[in-house]
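Here's the structure, in structure tokens; my notes come after.
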Amino acid sequence: MRSRTVAKVEAMMKVFVDPDLCQRHGECVAEVPEVFALPEDGPVRVLRDEPPVKLRAKVADALRYCPTGAISLSDPAKES
Ligand code: SF4
């Protein structure tokens, strides 16, 4: 059974891709295909905008390696 703490941490990260900045380099898909997908055309798609804790380090790598800075993270609790 998952703890409340794990669920809370999972809820703290939401993934966005700016379609105007994405140039389809694909590094994010290579890093974490569970979260990002590259369609035949157009910018990358976010498959899971609130990835589980076990994928967060990979998502952080994708953010780091995206050459255009198209990926961003936010805390959904601060959005409103
Ligand atoms: S690495 Fe960045 S530019 Fe490349 S597909 Fe992913 S979001 Fe787009």
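Okay, here's what the table says:
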read-out	value
Conditions (1) part of a loop (DSSP other than H, G, I, E, B); (2) modelled with pLDDT under 95; (3) surrounded by 15 or more Cβ atoms within 10 Å (Cβ to Cβ): number failed by C22	(2)
Check on G42, at pLDDT below 95 and exposed (fewer than 12 other Cβ atoms within 10 Å of the Cβ)	yes
Condition met for V15 (surrounded by 17 or more Cβ atoms within 10 Å (Cβ to Cβ), modelled with pLDDT of 90 or more and part of a helix (DSSP H, G or I))	no
Lone qualifier among R48, R2 - being at pLDDT below 90, away from the ligand (no atom under 12 Å from the Cβ) and part of a loop (DSSP other than H, G, I, E, B)	R2
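The values are calculated or read from the model by the stated rules, or taken from the named source; none is laboratory data. If you're wondering where the values come from, they're calculated on a predicted model, not measured in any experiment. Neighbour counts run over all protein chains shown; Cβ positions are idealised from the backbone, glycine included.
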